[in-house]
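Q: Take this structure first; my questions come after.
Each value in this text was obtained by applying a stated rule to the coordinates, not by laboratory testing. Everything numeric here is computed off the predicted structure, so don't read it as measured data. All Cβ positions, glycine included, derive from the backbone under ideal geometry; neighbour counts span all protein chains shown.
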Amino acid sequence: MVSADVPQVCTTQTMHIDGIAVGAAAPTSSTVSQELTIPTALPDAVTHLSVAGGSLSVAKGDLAFLDSVSVQLVPPTSAQAPFSLLEYRRSGSVPPFINIPATSRELASYLGSSGAQVMISVTGRPPQNGADLALELCVDAGLDQTFTLSQH
């Protein structure tokens, strides 16, 4: 058997949060969830996958409107439970971005035919003009291949 590492793959996906309509009362707090497909550009034969880390940031403004954020890797079938990549609760100062830590857990079974599905849930007061959250996620992958040698 031969094992090989695939170069680290990073991708960024965006989640839009609507702003408050003109003349509407500002909500005290609301929760918005969205499922994103993270195209991994990995070979079909990937047998090992782990998250190398990532971040959550906002294109304009800051993250002050967020009270909490949950980022989960969703399996392609219901036979597995979602895997939590981030559970963030604001306390104190507002960071310029939220770090998603690396994990050594084996996650290859979370890859579907079109990539990985990630569920982002945010709770907070949406900014007046809305916001675009950018999720950057990097993965490490590997292949195990068995070759049969024959003599002619």
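Q: With a 10 Å radius around each residue's Cβ, average the other Cβ atoms per peptide and rank 56-67, 83-94, highest first.
A: By packing density, highest mean first, the sequence is 56-67, 83-94.
Q: Same structure again: Order of 110-120, 95-105 by packing, highest average Cβ count within 10 Å first?
A: Sorting 110-120, 95-105 by mean packing, highest first, produces 110-120, 95-105.
Q: Express in nm, to one decimal, how much length is gained between A59 and N99 on full extension, taking 0.36 nm for each residue of separation and deducting their alpha carbon distance.
A: The A59-N99 span can extend by a further 12.9 nm.
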